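This report concerns only the one structure given below.
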Amino acid sequence: MKKKSLIIVAILLVLALIGVFAFLQARKQPIERVSKEYITNQSIQPKVSTSESSSSTFSSKEAKVEVSSETKALVSQFLMTDVTYDLTVKSILARSETLSKIMTKDAYEQMKIQSTTESLVAMTNKWLTTKQVDTSSGDVQLVSQKYQSANVTPSAQEPNRFYVELNYDETPVTTKETQSKTQLLWVSVTDNKVSDVEIITTK
């Protein structure tokens, strides 16, 4: 009887050790994973920082030009989201998800958000696994970006069209040297969504 009890105790100890080993192995798996299923199916609900979006300054030379608070918030959110992401899958997908909600379908496709997102995810995955930069994605560069500020001027001739001077930082993954960028663009809003983006220059 005593021998049987010892055997049972030994079996339970072995099972417990197997369970602990499996748990530790699971925790060692990489946090960042890229897969086709994740890219296409994972839904991310990003949060927009109110303090950052409020740093967009709206000015008008024409005193009669009035802009609703909703439109101001929308333009600010778009500008901040467009040039803010880290080189992680979660951050890149969060940017794409937010932009898809605040832009019209045509504007989203015009800016090639989906294809840019897929290229960035693939390039980021390769960098994380091999520390090599994939240069086959054309104009898409492996850089992180961070919004700094924006000066937004409403058009006196066209309602809900805005001239923007957008300031942000850009950091290449290979050098880690942050560069300040300024982009000049026109942003149009229709039915509380960004409906057109015309980039004039980036320097």
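Using the Karplus equation 6.51 cos²θ - 1.76 cosθ + 1.60 (θ = phi - 60°), what ³J(HN,Hα) coupling, rounded to whole Hz, does each residue of segment 71-81 give in order, writing x for Gly and Pro?
Ordered by residue, 3J(HN,Hα) equals 5, 4, 5, 5, 4, 4, 5, 4, 4, 5, 5 Hz.
What is the sum of charges around Val143, taking Lys and Arg as +1, Asp and Glu as -1, for the other residues whose C-beta is under 14 Å from the C-beta of Val143?
Spelling it out: positives minus negatives among the neighbours equals -3.
Quick check on my link table: of Lys146/Lys176; Lys126/Lys146; Lys105/Lys146, which ones sit more than 20 Å apart, alpha carbon to alpha carbon?
Lys126/Lys146; Lys105/Lys146
If DNA, RNA and ligands are ignored and the probe is 1.4 Å, what is the ranking of Glu198, Glu66, Glu177 by accessible area, most exposed first?
Largest to smallest exposure gives the sequence Glu66, Glu177, Glu198.
Would you work out which of Gln114, Ser144, Ser100 lies farthest towards the positive end of the dipole of segment 92-157, given +1 charges on the beta-carbon of Lys and Arg and -1 on that of Asp and Glu, about the Cα centre?
Of the candidates, Ser144 comes out farthest on the positive side.
Which percent of the accessible heavy-atom area of segment 121-203 goes to carbon and sulfur, probe 1.4 angstrom?
42 percent
The values are calculated or read from the model by the stated rules, or taken from the named source; none is laboratory data. Note that the coordinates shown come from a computational prediction; the quantities given were computed from them, not determined experimentally. No Cβ is skipped: glycine too gets one built from the backbone with ideal geometry, and neighbour counts run over all protein chains shown. Side chains are part of the model used for accessible areas, which takes the heavy atoms of the whole protein and leaves out ligands, DNA and RNA. Shrake-Rupley method; radii C 1.70, N 1.55, O 1.52, S 1.80 Å.
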